[in-house]
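Trainee: Dumping the structure here so I can ask a few things about it.
Readers should treat all values here as calculations from the given coordinates under stated rules, not as data from a laboratory. Not measured: the values here are computed from a predicted model. For neighbour counting, all protein chains shown are included, and Cβ atoms are generated from backbone atoms with ideal geometry for every residue, glycine included.
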Amino acid sequence: MNERRTKMFLLGFLLILAVQPALTAVFGADTYSRYDFPPGFVFGSGTSAYQVEGAANEDGRTPSVWDTFTHAGFANGATGDVACDGYHKYKEDVQLMVETGLDAYKFSISWSRLIPHGRGPVNPKGLQYYNNLIDELIKNGIQPHVTLYHFDLPQELEDEYGSWLSRKIIEDFTAYADVCFREFGDRVRYWSTVNEPNIYAIGGYDQGIVPPKRCSPPFGFNCTKGNSSSEPYLVVHNALLAHASVAKLYREKYKVKQQGFIGLSIYGFGIYPFTNSTEDLIAAQRAKDFFVGWLLHPLIYGDYPRVMKQNVGSRLPAFTPLESKQVKGSADFLGLIYYTSITVKDKSSSLDGEPRDFNRDMAVELIRPVSIDSLMFSFTADNVNTSQYYEIPIMPEGLQQVLEYFKQVYGNPPLLIYENGQQTRRNTTLQDTERISYIHAHIGVVLDSVRNGSNTIGYFTWSFLDVLELLDGYESSFGHYYVDLDDPELKRYPKLSANWYARFLRGKSVGPEPGALIEIGNNPSTANSK
């Protein structure tokens, strides 16, 4: 990073601290136990198929858009060809989950492993793998929470008709979901259809930094095709229609017998105005409508937020009356992905010119702390490369804000926090006390929110293992367990955070410090720093 960019970045970050010093404070109770939560509250952890399974070319699996993307060198040269080899090591990993004390495990199904051509015949080997994994979880008393689509679309569907840009995806996705419900639904009760379509649309179709890497000038990062002004809105629209189609299928064909629940996961931020000016206060609300209302307004009220329709105009697809009726109420629960907070300034001047994309339609300037997840958004000057920064500032009150917003604005739906965790540089140490501090603070505000009436019913850390991170490969990690990539056996080592989470899950009273160690595999107190 050159000197001017460094100064601009530091200035923006210092302004966050100056305007909102409370953002660095730790909220929630200093000590608590899982028994402070209501009976039945679920605690778990998660991964996703491409990030953990490996075996990319084995047993009939065909390439997904992530294979294409990583093999083109866009994830720091890393690929998911082997990843954590979860495909072969799932029994070992489930035993680590048992030792950690997880109630539940969230994972995704690889569409191209189960149905290699995107439609048509089911792959027997893929079917066997997911049956084996689910059976192993159930045998050990761990609830499977399944995501149908975590960004890894079969490449054949992308090549054939542009996947989420076409309404053909609705039929194919529904048929894929039908296979999953038929084959696994007797043991799986929680299904999330599409993982954070808001982020997928912005990253993949506006900025072009994730598959299928579509964007248009002057937006995005060296794309060869796409339209940043219209495609993100079309992708989310089709994702909502596909979700509604899958929910309708489940309720009509499987719900009575399987008694499961269909949800959709949303990426959310705590969002704060840069100043108390009327313009910035309105801008903060506008940002909430664009980021969260983009999905939640249709799911709860049957249409997009008014400000989106005003600012985006004819580029925002419209629901027919029937579609509106089908989308409204189609989620039995919501999944929330939360990591950090952002501060926004009004930038209504961006509505004056053309072309426009999601950011310019939203008409705000976003100032955000450093984290790899925030690389999804190129809102600060000169597109500062956040891959140089790792640790996410602890901003748990942003999570509390989001939970309260869901309660006040969207009727307090059942909510599962499906991702929350701390990013560190990979392979530095097993003594990840900063991850403990982060998770402790966020579970604390979840407890506060539940006591204040939030209908949050579960919390999952991201991630269970150090997986392939989709933006920077193996440069950073979120895991409770370190995976030694230099070991042919890919040996797993528990970090201090695995021990801390295990103590909490066993009902011990915990604070922001590691506490007494629980034996998990190779004890983190004796394992060498990596």
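Trainee: Does residue 175 satisfy the condition of being surrounded by 22 or more Cβ atoms within 10 Å (Cβ to Cβ) and not in a strand (DSSP E or B)?
Mentor: It is false that residue 175 is surrounded by 22 or more Cβ atoms within 10 Å (Cβ to Cβ) and not in a strand (DSSP E or B).
Trainee: I'm trying to understand the selection: among the residues of the stretch 259-313, which are under 20 Å from residue 344 (Cα atoms), outside any helix (DSSP H, G or I) and among the β-branched types (Val, Ile, Thr)?
Mentor: Scanning the stretch 259-313 gives 266, 271, 275.
Trainee: Tell me which residues, restricted to the stretch 294-303, are over 17 Å from the mean Cα position of the chain (by Cα) and not aliphatic (A, V, I, L, M).
Mentor: Scanning the stretch 294-303 gives 297, 298, 301, 302, 303.
Trainee: Same structure again: Please determine, by comparing only the residues of the stretch 109-164 that are part of a loop (DSSP other than H, G, I, E, B) and of a type in the set (Val, Ile, Thr), which one is surrounded by the most Cβ atoms within 10 Å (Cβ to Cβ).
Mentor: Once the filter is applied, the top-ranked residue is 109.
Trainee: Collect the residues in the stretch 487-508 that are under 19 Å from residue 93 (Cβ atoms) and free of Cβ contacts under 8 Å to residues at least 60 places away in the same chain, keeping them in residue-number order.
Mentor: Scanning the stretch 487-508 gives 487, 488, 489, 491, 499.
Trainee: Do we have residue 209 as among the β-branched types (Val, Ile, Thr) and either at positive phi or part of a loop (DSSP other than H, G, I, E, B) (or both) here?
Mentor: Answer is yes for this residue.
Trainee: In the stretch 212-229, is there at least one residue being assigned to a strand (DSSP E or B), within 20 Å of the chain's Cα centre (by Cα) and surrounded by 24 or more Cβ atoms within 10 Å (Cβ to Cβ)?
Mentor: No, there is no match, as no residue in the stretch 212-229 is assigned to a strand (DSSP E or B), within 20 Å of the chain's Cα centre (by Cα) and surrounded by 24 or more Cβ atoms within 10 Å (Cβ to Cβ).
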